[in-house]
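Visitor: Take a look at this one; I'll ask things after.
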Amino acid sequence: MNKRLARTIFFLALIFAAAAFPSVAQESATDETAPALPPAEEGDGTWDEDGETEDGEYIEGEEDGNANLPITTDWDGIPLTGYTRGDQTFTISLGVLFPLFFVSKSGDLLENKLFIGGTGSLAYNYFWNSNLFIGGILQGSFSQTLGKNFLYLIPIGITAGYQFVLRRFEFPFSITVGGMTEQYLTYNGYWMFLKPQASGFFRFNSDWSFGLNAAWWIVPQWSKEPEKDATGNFFELTLCARYHF
C-alpha cells in the first residue's frame, strides 16, 4: 500500500512538472529577449507600449534617441516689395580711385599728373518708403602724383537715392552733393563735390548685405584766375558691407 501510494505521488509530480515547465520557459525567454521600455513621463516625448509619444504624436527616429527636430532660423528672406519707412542702413566701403581726366574752362584736356589711389567711406541712409532714401557720407581718398607726393581729398555730402529690390538682390542708385577738402603739400583748398553712383548688393541675412559700388566724381575747381579753372573727373570702385537696422 505504501509503495503504491508513493508510486502514484511520483507520477503526479512528473505530470505537474511537465505541465508547468513550458510556461516557466516561455516567461524566462520573454524576460531575456523583450526590450525594456522606459516609462513615458508627461511631455517628455518618450514612447509608450503602443509606439506613440505621450501626447499621441509619432516622431521618426525616437527609438534611437535621434529624432529629426525642425530647424528654424531668424532669417525668413527679405520682402520682395522693398523696405518700409524707418529702415536704416550703415555702409562701410573700401576700394580704389581712378583719376580719369581734367578739363579746363575752355574745354581742353589737361595733363593728368595723378596715379591710381585708394578710397574709403562711411555712409548712412534712411528710407522714406520702400524705395526712396536720404542720407549722408564721409569719405577720404589719396593719390600719388608724378612728383612722388600725395594728394588727399576728403568729401562730405548728403545723399538722395532710389533702390530696386529683386528677391535677395538690392540695387540702390543715388547722387551725393557736398563739399570737398583738398590737401597737397602746404596747399589747402575747398571745392564742390558731385557724385552719382550705382550699387549692387546681395542680402546675406537680415542684418548684413555685401556688394559692389561704382561712382563718378565731378570736382569743379575755381580760382581767382579763370584761365586756371578746371574740373576733375574720377572713377570710384569699392567693395561694400552694409548693416541693416
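The values are calculated or read from the model by the stated rules, or taken from the named source; none is laboratory data. As the structure is a prediction and not an experimental result, all values here were calculated from the model. Don't worry about glycine lacking a Cβ; one is built from the backbone with ideal geometry, like all the others, and counts go over all protein chains shown.
Visitor: Just one of S206, S223 is in a loop (DSSP other than H, G, I, E, B), at pLDDT below 95 and within 31 Å of the chain's Cα centre (by Cα); which is it?
Guide: S206
Visitor: Looking at T231 and the list (1) out of contact with any Pro (no Cβ under 7 Å at 6 or more places or on another chain); (2) assigned to a strand (DSSP E or B); (3) over 24 Å from Y126 (Cβ atoms), which single condition is not satisfied?
Guide: All conditions are met except number (1).
Visitor: Here is a list of conditions, (1) surrounded by 15 or more Cβ atoms within 10 Å (Cβ to Cβ); (2) closer than 18 Å to K113 by Cβ; (3) not small (G, A, S), and K228 meets all of them except one; can you say which number that is?
Guide: (1)
Visitor: Tell me whether the range 190-205 contains one or more residues that are surrounded by 13 or more Cβ atoms within 10 Å (Cβ to Cβ), without any contact (Cβ under 8 Å) to a residue 12 or more places away in the chain and not charged (D, E, K, R).
Guide: Yes; the residues of the range 190-205 include at least one that is surrounded by 13 or more Cβ atoms within 10 Å (Cβ to Cβ), without any contact (Cβ under 8 Å) to a residue 12 or more places away in the chain and not charged (D, E, K, R).
Visitor: Follow-up question, since we're still on this one. Going through the range 80-118 one residue at a time, which ones are among the basic types (K, R) and touching a residue at least 40 places away in the same chain (Cβ under 8 Å)?
Guide: R85, K105, listed by residue number.
Visitor: Looking at (1) surrounded by 20 or more Cβ atoms within 10 Å (Cβ to Cβ); (2) over 25 Å from the mean Cα position of the chain (by Cα), which is the one condition that is false for P172?
Guide: (2)
Visitor: A further question follows. Go through (1) touching a residue at least 40 places away in the same chain (Cβ under 8 Å); (2) outside any strand (DSSP E or B) one by one and return the number of the condition S141 breaks.
Guide: All conditions pass for S141, except number (2).
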